[in-house]
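Report on the following structure.
The values are calculated or read from the model by the stated rules, or taken from the named source; none is laboratory data. This structure is a prediction, so every number in the text was calculated from the model and none was measured. Here the Cβ positions follow ideal geometry from the backbone for every residue, glycine too, while neighbour counts run over all protein chains shown. Surface accessibility is based on the protein's heavy atoms, side chains included, excluding ligands, DNA and RNA. Shrake-Rupley method; radii C 1.70, N 1.55, O 1.52, S 1.80 Å.
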Amino acid sequence: MKKIHKKIKAYLRTFRLFLGRFIIDKKPSGKWNRATLPKSKILFIRHDGKIGDFIVSSFVYREIKKQYPHIHIGVVVAPETQYLFKSDSNIDSLYVTRKRALFAFWQIGRKIAKEHYDIVIDLTEFLRNRDLVLIRSVKAAINIGYQQNHLKLFNYNIAANNEHITLDYEKALFMLGFEPMQRCCSFPNIPHNKELAIFCQQNLTCDYIAINFFGAANHKKFTSIKQIEWLSRLKAVYPKKKILVLTFPKVTQELKSSLPAGQYIIYENTNTIFDTIELIRNASLVISPDTSIVHIASAFNKPIIAFYMTSDPTNPYCKWLPMNNQNTSIYYYQHNINEIDIKSIKLN
């Protein structure tokens, strides 16, 4: 019965996409001249709400302003990540998607259309009807997508590839006439946290390892048993180093109740990614299954131990791998991160 339900659900989803695209998918009617690029308005669609995606693509806004300071940059964002985009002084306008529904996306698209954007860039691989409604409602002359050559709505398209996501953003800007750029991450203007500064002075002045046990999906979460095993292994291999366990509000109490006291330190008042950035800044090694943590460590050029799910470790998906030049070890699993034998991980 479950299989039949899944098939019906998949069929209805396919039908909705087909019907929606039949109605929505039209060629852009506006005109844009490349000679006007220095004073154009570019809109990025970034309402995925993923912190890691924000960090790894943050170079784009900086590099645009470097080459053409008068270009106006707008970004469509999710409520949970708008504070990150607000902290980037290179971004001129933000538009927040309060509801993830087709009509709400049409409304925000109509609002943005009044600002007369010339270019829309959305490199999402899988687009829903609401995404197409948003992009069409903006009425830009140029729409750049990823692997969307089957859609009329996108008059510029990046072919499917297994290269790093930063290269896709660079290709999109090359299409518009930009010069080569530096693809290293930009950190936002981080607000000063006096309490965190005191914590770091008291606890993190000597050599320490930062470890994160959680990812966005359940298959990326180390179990309590594995967490304890990690701490024991790190203490055995690095007896003189402190172990900083990274956290966030939803899991702090869980960590405190399950981990053995005296084997780690934790900043209990970690509330935003800004706090995590500061905690990683001076670590000698970062261990994490979460790509946002991995990309922060990569931006600091830290040694990293990272974990990714893949069905084929010999040909992994490369778009979200770290970019740092330091020693980086990547371990792959097929279904759940707890498949990994912690004793097999090289630490020295």
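Can you send over the solvent-accessible area of ASP118, 1.4 Å probe, protein chains only, in Å² to the nearest 10?
40 Å²
Over the chain, what percent of the accessible surface lies on carbon and sulfur atoms, probe 1.4 Å?
53 percent
Hey, what angle do you get for helix 2-24 against the long axis of the chain, alpha-carbon based, 0 to 90 degrees rounded to 10?
40 degrees
Would you calculate a helix-derived [θ] at 222 nm for the chain, using -39,500 (n - 2.57) for each DSSP H run of n ≥ 4 and dividing by the full residue count, to the nearest 500?
Calculated at 222 nm, the ellipticity per residue is -10500 deg cm²/dmol.
For VAL237, what accessible area in Å² do you get when you roll a 1.4 Å probe over the heavy atoms of the protein chains, rounding to the nearest 10?
So the heavy atoms of VAL237 present about 40 Å² to solvent.
Per-residue accessible area for TRP320 at 1.4 Å probe radius, Å² rounded to 10?
70 Å²
Compute the accessible area per residue over the stretch 206-348, keeping the other protein chains in place, probe 1.4 Å, unit Å². Show your work: numbers first, answer last.
Details: 6590 Å² over 143 residues.
Heavy-atom SASA per residue in the stretch 206-348 reads 46 Å².
Could you work out the relative contact order of the chain, using alpha carbon pairs under 8 angstrom and six or more residues apart, expressed as a whole percent?
Across the chain, relative contact order equals 15 percent.
Looking at this model, which pairs from LYS41/LYS99; LYS99/LYS220; LYS221/LYS256; LYS27/LYS111; LYS256/LYS346 are more than 23 angstrom apart at the alpha-carbon?
Pairs exceeding 23 Å: LYS41/LYS99; LYS99/LYS220; LYS256/LYS346.
In debye, nearest 20, what is the charge dipole magnitude of the stretch 189-348 about its Cα centre with +1 on Lys and Arg Cβ and -1 on Asp and Glu Cβ, if you could check? Spell out each step's value before the answer.
Values: 16 positive and 11 negative charges, 58 e Å.
Computed about the Cα centre, the dipole is about 280 debye.
Would you list, by chain and number, the aspartates and glutamates whose Cα falls below 14 Å from the Cα of LYS39, excluding same-chain residues fewer than 8 positions away?
ASP92, GLU115, ASP118
With N set to the number of residues, divide the alpha-carbon radius of gyration of the chain by 2.2 N^0.38 Å and report two decimals.
1.09
Once you list every other residue whose beta carbon is under 11 Å from the beta carbon of LYS226, what net charge do they have if Lys and Arg are +1 and Asp and Glu are -1?
For residues surrounding LYS226, the net value is -1.
Could you tally the net charge around LYS235, taking each other residue with its Cβ under 12 Å from the Cβ of LYS235, Lys/Arg +1 and Asp/Glu -1?
+3
Name the most mobile residue of GLY262, GLY215, GLY74, meaning the one with the largest mean-square fluctuation, in a Gaussian network model of the chain with Cα contacts below 10 Å.
Ranking GLY262, GLY215, GLY74 by mean-square fluctuation puts GLY262 first.
Top mean-square fluctuation among ALA217, ALA113, ALA299, Gaussian network model of the chain, C-alpha springs under 10 Å?
ALA217
Keeping all protein chains in place, calculate the accessible area per residue for the stretch 98-153 (probe 1.4 angstrom), answer in Å². Before the final figure, lay out the partial values.
Values: 2860 Å² over 56 residues.
For the stretch 98-153, the solvent-accessible area averages 51 Å² per residue.
Starting from a Cα-only point model with no solvent, please compute log10 I(q)/I(0) by Debye for the stretch 151-224 at q = 0.11 1/Å.
Debye intensities relative to I(0), on a log10 scale: -0.66.
When only Cα pairs under 8 Å and 6 or more residues apart are kept, what is the percent relative contact order across the stretch 140-232? Write down the numbers at each step before the final one.
Numbers: 46 pairs, mean separation 11.5, N = 93.
RCO, the stretch 140-232: 12 percent.
Count the net charge of all other residues whose Cβ sits under 11 Å from the Cβ of ILE144, scoring Lys and Arg as +1 and Asp and Glu as -1. Write down the numbers at each step before the final one.
Numbers: positive: LYS171; negative: ASP122, ASP168.
Value of the local net charge: -1.
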